[in-house]
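What follows is a set of notes on a single structure, which appears directly below.
The values are calculated or read from the model by the stated rules, or taken from the named source; none is laboratory data. Everything quoted here is computed from the prediction, not taken from an experiment. With ideal geometry, Cβ positions are generated from the backbone for all residues, glycine too; neighbour counts draw on all protein chains shown.
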């Protein structure tokens, strides 16, 4: 369980290392499962097949095939090990403490795998503006490292206090030229609100060791530079919704295909692609 000091740190900075939650065997099981699914490949999960990931592609391959960030959305649907991770008691309890919610559902997960030598860039961004089919915004995500994520192999960078500055996704898109670790923190051209607790833009690398969970607010500015090292960087981000989340029919997102209900309805009724992980403050086990 998170301490009061950790909760305060999260609300101050917008991110927090929650510590090690997986032992070596637990990490290895997830690595093996990822290797199995990568070996199947996107073509091994044909359209209409069940079960299958929601999305399985190289995020940057269309622009430059020599650079790669493998993204697999909802790997939990094809792997019981990743499904159990979505229900991990420490993670679910931490999300509950940081949001104040006693009802939580899966929004979606996503593998982000940067291969050694040519792992691509994940540019500076905020999560919530990229998820326009749910409101209120999904507030906190959990990010579990399967390899030591270091400065050398393209760890995430975080900007302290940025979660309190509002939606600035359009500004962050102007920083797409920042791609190498030597320059990635050189964000320029933004002045935080005068009434913000943090009024300076000071991005910093955020190394996370294998088996540790990093938690970040969905408006926290984050991203990761190229991986030119000889070490791969594998991780999974897990995104959750509170019981207050409602469907916004006018938005677009890859998960919209799986929502079959009217605008404004509670996402708790959205069906099996969005399972509950907590009800009435009690962590629920995975169905399988």
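Condition check: in contact (Cβ under 8 Å) with a residue 24 or more places away in the chain and in contact with a helix residue (DSSP H, G or I) (Cβ under 8 Å, 6 or more places away or on another chain). Does residue 239 satisfy that? Spelling it out, it is not the case that residue 239 is in contact (Cβ under 8 Å) with a residue 24 or more places away in the chain and in contact with a helix residue (DSSP H, G or I) (Cβ under 8 Å, 6 or more places away or on another chain).
Condition check ((1) on the phi > 0 side of the Ramachandran plot; (2) touching a helix residue (DSSP H, G or I) at 6+ places or on another chain (Cβ under 9 Å); (3) at pLDDT below 95; (4) crowded, with 24+ Cβ neighbours inside 10 Å) across all residues:
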{"residue": "133", "(1), (2), (3), (4)": "no, yes, no, no"}
{"residue": "139", "(1), (2), (3), (4)": "no, yes, yes, no"}
{"residue": "142", "(1), (2), (3), (4)": "no, yes, no, yes"}
{"residue": "147", "(1), (2), (3), (4)": "no, yes, no, no"}
{"residue": "154", "(1), (2), (3), (4)": "yes, no, no, yes"}
{"residue": "169", "(1), (2), (3), (4)": "no, yes, no, no"}
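Of all the listed residues (191, 220), the sole one being part of a loop (DSSP other than H, G, I, E, B) and under 20 Å from the mean Cα position of the chain (by Cα) is 220. Annotation: of all residues in region 30-48 being within 23 Å of the chain's Cα centre (by Cα) and part of a loop (DSSP other than H, G, I, E, B), the one that is nearest to residue 112 (Cα to Cα) is 41. Only residues that are touching a residue at least 24 places away in the same chain (Cβ under 8 Å), in a loop (DSSP other than H, G, I, E, B) and either over 20 Å from the mean Cα position of the chain (by Cα) or under 29 Å from residue 229 (Cα atoms) (or both) were counted across region 166-179, and they come to 4.
When region 249-272 is filtered for residues that are buried (at least 18 other Cβ atoms within 10 Å of the Cβ) and part of a loop (DSSP other than H, G, I, E, B), the ones remaining, listed by number, are 259, 270.
What about residue 255, is it under 15 Å from the mean Cα position of the chain (by Cα) and more than 16 Å from residue 17 (Cα to Cα)? Answer is yes for this residue. The residues listed here are 230, 195; of these, the one that is over 16 Å from residue 141 (Cα atoms), surrounded by fewer than 18 Cβ atoms within 10 Å (Cβ to Cβ) and either free of Cβ contacts under 8 Å to residues at least 12 places away in the same chain or touching a helix residue (DSSP H, G or I) at 6+ places or on another chain (Cβ under 8 Å) (or both) is 195. Across region 37-57, the number of residues qualifying as touching a residue at least 24 places away in the same chain (Cβ under 8 Å) and either surrounded by fewer than 12 Cβ atoms within 10 Å (Cβ to Cβ) or in contact with a strand residue (DSSP E or B) (Cβ under 9 Å, 6 or more places away or on another chain) (or both) comes to 7. For residue 182, indicate whether it is in contact with a helix residue (DSSP H, G or I) (Cβ under 7 Å, 6 or more places away or on another chain) and either modelled with pLDDT of 95 or more or part of a loop (DSSP other than H, G, I, E, B) (or both). For residue 182, the condition - in contact with a helix residue (DSSP H, G or I) (Cβ under 7 Å, 6 or more places away or on another chain) and either modelled with pLDDT of 95 or more or part of a loop (DSSP other than H, G, I, E, B) (or both) - is not met.
Only residues that are part of a helix (DSSP H, G or I) and either touching a strand residue (DSSP E or B) at 6+ places or on another chain (Cβ under 9 Å) or touching a residue at least 24 places away in the same chain (Cβ under 8 Å) (or both) were counted in region 19-29, giving 4.
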